[in-house]
Amino acid sequence: MSDAQRSALARLWKVYGIRVDGKGLLDLPTLFGSAGQPSELPVVLEIGFGMGDASAAMAAADPATGLLAVDVHTPGHGNLLRRIESDGLANVRLAEGDAVVLLRDQLAPASLAGLRIYFPDPWPKARHQKRRLVQPEFVALAASRLRPGATVHLATDWEPYAEQMLEVLSASAELENLHPDGAGWAPRPDWRPVTKFERQGIAKGHVVHDLLFRRR
């Protein structure tokens, strides 16, 4: 970690961060509240935010939405906390730990206004593909935590994983593809910043696929 990231963690984690421990449901209005007042912001969960620069940009562009960003990468937490402070972001909270535990044990059914997963580990080797996050069991769990009308937005530059994502999401009775025509891919939304992993993939000649689904 850089000195700035380490300093941000030491000073700001207790204000903006939580540890995923599976012990009881989170009270999202209280978590996103300030000065003792609960928040009325709809909350979107972002799984795997990396260094958090894209997360900070999206939060700054949409202050009317709360962003709960979960990852296990400590320097990323420090960097996103630094951005929260420098950019004056009041609508971001961080979670450190397993996103599946967070969804299963600490988020209530129909509590989320959206889910974002950008460039998750593709686990390209065949023997490792069972470790991919986007599997039928995960999608069923995630859908149960989304309120009707909530948006699921995924992006990847790994073609086989993109095809698996599309297949798994399309098979869910709780989700509908917002771009069903053609191959089912969504155009890249202007509000999704280009991430570091996306730039790396494009430099390697990879095609980036976005998927946009909605909770029925």
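The values are calculated or read from the model by the stated rules, or taken from the named source; none is laboratory data. If you're wondering where the values come from, they're calculated on a predicted model, not measured in any experiment. Cβ coordinates were reconstructed from backbone atoms using ideal geometry, including for glycine residues, and neighbour counts include every protein chain displayed. Heads up: the accessible areas ignore ligands, DNA and RNA and are worked out on the full protein's heavy atoms, side chains in. Shrake-Rupley method; radii C 1.70, N 1.55, O 1.52, S 1.80 Å.
Hey, can you find the accessible area per residue of the chain for me, probe 1.4 Å, expressed in square angstrom? Walk me through the numbers on the way to the answer.
Working: 10430 Å² over 216 residues.
Result: 48 Å² per residue.
Between helix 74-87 and the chain, what is the angle of the helix's C-alpha long axis to the longest principal axis, kept within 0 to 90° and rounded to the nearest 10?
70 degrees
Rounded to two decimal places and with Rh computed the Kirkwood way over Cα pairs, what is Rg over Rh for the chain? Walk me through the numbers before you get to the answer.
Details: Rg = 16.8 Å, Rh = 17.7 Å.
Dividing the radius of gyration by the Kirkwood radius yields 0.95.
For the range 119-216, which whole-number percentage of the solvent-accessible area (1.4 Å probe, protein heavy atoms only) is attributable to carbon and sulfur atoms?
Roughly 54 percent of what the probe reaches on the range 119-216 is carbon or sulfur.
Compute the separation of the alpha-carbon centres of the range 14-36 and the range 46-122 and state it in Å as a whole number.
Distance between centres, Cα-based: 13 Å.
In the chain, what percentage of the DSSP-assigned beta bridges are antiparallel, given to the nearest 5?
30 percent
Where a ≥ b ≥ c are the square roots of the eigenvalues of the C-alpha gyration tensor, would you call the range 113-216 rounded, which needs a/c under 1.5, or, failing that, prolate if a/b is larger than b/c, or oblate?
Oblate is the answer for the range 113-216, as a/c is 1.5 or above yet b/c matches or exceeds a/b.
After finding the eigenvalues of the alpha carbon gyration tensor for the range 35-136, what semi-axes result from the square roots of 5 times each, listed largest first in whole Å?
They are 25, 17, 11 Å, listed largest first.
Through the Karplus equation 6.51 cos²θ - 1.76 cosθ + 1.60, θ set to phi - 60°, convert the phi angles of the range 108-116 into ³J(HN,Hα) values in whole Hz; use x for Gly and Pro.
Values, residue by residue: 6, x, 6, 9, 10, 8, x, 9, 10 Hz.
Under 24 Å between alpha carbons, and skipping anything fewer than 8 positions from Lys196 in its own chain: which lysines qualify?
Within the straight-line cut-off, Lys196 pairs with Lys125, Lys204.
Rank by packing, highest mean first: peptides 192-204, 93-105, 151-163, with packing defined as the count of other Cβ atoms within 10 Å averaged across residues.
Working: 192-204: 14.4, 93-105: 18.9, 151-163: 20.7.
Result, highest mean first: 151-163, 93-105, 192-204.
Count the net charge of all other residues whose Cβ sits under 15 Å from the Cβ of Asp210, scoring Lys and Arg as +1 and Asp and Glu as -1.
Details: positive: Arg116, Arg188, Arg192, Arg214; negative: Glu46, Asp157, Glu159, Glu163, Asp181, Asp190, Glu198.
Net charge in that neighbourhood comes out at -3.
Along the Cα→Cβ direction, 7 angstrom out, place labels at Asp190 and Ile202. What is the inter-label distance in nm?
It is 1.6 nm.
Would you mind putting 112-123, 30-41 in packing order, based on average other-beta-carbon counts within 10 Å, highest first?
112-123, 30-41
Residues with beta-carbon under 14 Å from that of Val70, excluding Val70: net charge, scoring Lys, Arg +1 and Asp, Glu -1?
Every neighbour counted, the sum reads -1.
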